[in-house]
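Some notes on the structure that comes next.
The values are calculated or read from the model by the stated rules, or taken from the named source; none is laboratory data. Note that the coordinates shown come from a computational prediction; the quantities given were computed from them, not determined experimentally. Glycine gets a Cβ as well: all are built from the backbone with ideal geometry, and neighbour counts include every protein chain shown. The area values use the complete protein model at the heavy-atom level, side chains included, leaving out ligands, DNA and RNA. Shrake-Rupley method; radii C 1.70, N 1.55, O 1.52, S 1.80 Å.
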Amino acid sequence: VSALAAQDLPYGPSQSFAVFRNGERIGRHSLSFQHSGPNVSVATNIDFSVKVLGITAYRYSHRAQEMWAGDTFQYVATQTDDNGKRFSVKAQRTPGGISVERTDGQQMLPPDVLPSTHWNIRQVKQQVLLNTQDGSEAKVQITELGREKIKTLNGWLDATRFRYTGDVTKDQWFDDRGRWVKTTFKASDGSTIEYVLEE
C-alpha cells in the first residue's frame, strides 16, 4: 500500500456513514479532513443510540482528533462515553516511540503503530494498532478476502474486503481509491453492526 501523502489522500473534506444495528439505524460515524501543506488533521465523530420500546437502552459517543505529517502519524486525542463509561486517550510521537496517556495509566508503543481509526488503508498491513477508545495495544491479524460489490445509501461500489481478527474483530472494505467504504462487526450483545456509506 503506497505511502499516504496529504495530496494523495483519497478523501474529500468529509466522509460519513449511517450505522445500523440488526438492520435498524442507530446513528452515524463521520470524518472530516483538513489539509495544511503536507499536514492533515482528521476529526472523527461517532454517535449511536439504541432504543428499546422507545427508551434509550444504550448510548455511545466518540470524538477523535488526529494529526499526520505527510504519511507519519503524529498525534491523536480521543474522548469516549460508552453508555456512561468514560475514556480519554492522548497518544503522540516522541523520539522513543508513541507515548500513550490513557484513563488508567501510560504506555510507550513502537514508533510504527497506527491508530485504529477506520479510514486509513495503511492499517491493513499492521500487526499492532493503537485502540483509540481505551488507549490499549491491539494485536491484529488482517486477511484480504477479495473483491466484492458493496451497497452504499446511493448505489453500489467495487471494494476489497479485509477481515480483522485478534484484539480487533471486524470486516472492512476499501474501494480502489483506498477509501474506507464499509464495516461490519458483532457488538458485545451479539447484534450485527453495519456501516453504510452515505454518498
Dipole-positive endmost among T183, T160, I142 within the range 139-199 (Cβ charges, Cα centre)
I142
What's the extension gain from N45 to Q107 if we count 0.36 nm per residue and subtract their Cα-Cα distance?
19.8 nm
For K149, list the lysines whose Cα falls under 30 Å from its own Cα; do not include residues on the same chain fewer than 8 positions away.
K125, K139, K170, K182, K186
For S99 and R25, FRET efficiency with R0 = 30 Å and r from the beta-carbon atoms, rounded to 0.05?
0.20
Quick shape check on the range 50-158: root eigenvalues a ≥ b ≥ c of the Cα gyration tensor, a/c under 1.5 is rounded, otherwise prolate if a/b tops b/c, else oblate, and it reads oblate
Percent accessible area from carbon and sulfur atoms, the chain, protein chains only, probe 1.4 Å
48 percent
Heavy-atom accessible area of S191, protein chains in place, probe 1.4 angstrom, given in Å² to nearest 10, is 10 Å²
Beta carbons within 10 angstrom, averaged per residue: use that to sort the peptides 37-43, 180-186, 141-147, highest first.
180-186, 37-43, 141-147
How high is the relative contact order of the chain, given as a whole-number percent (alpha carbon pairs under 8 Å, six or more residues apart)?
16 percent
Per residue, accessible area of the chain with a 1.4 Å probe, heavy atoms of protein chains only, in Å², comes to 51 Å²
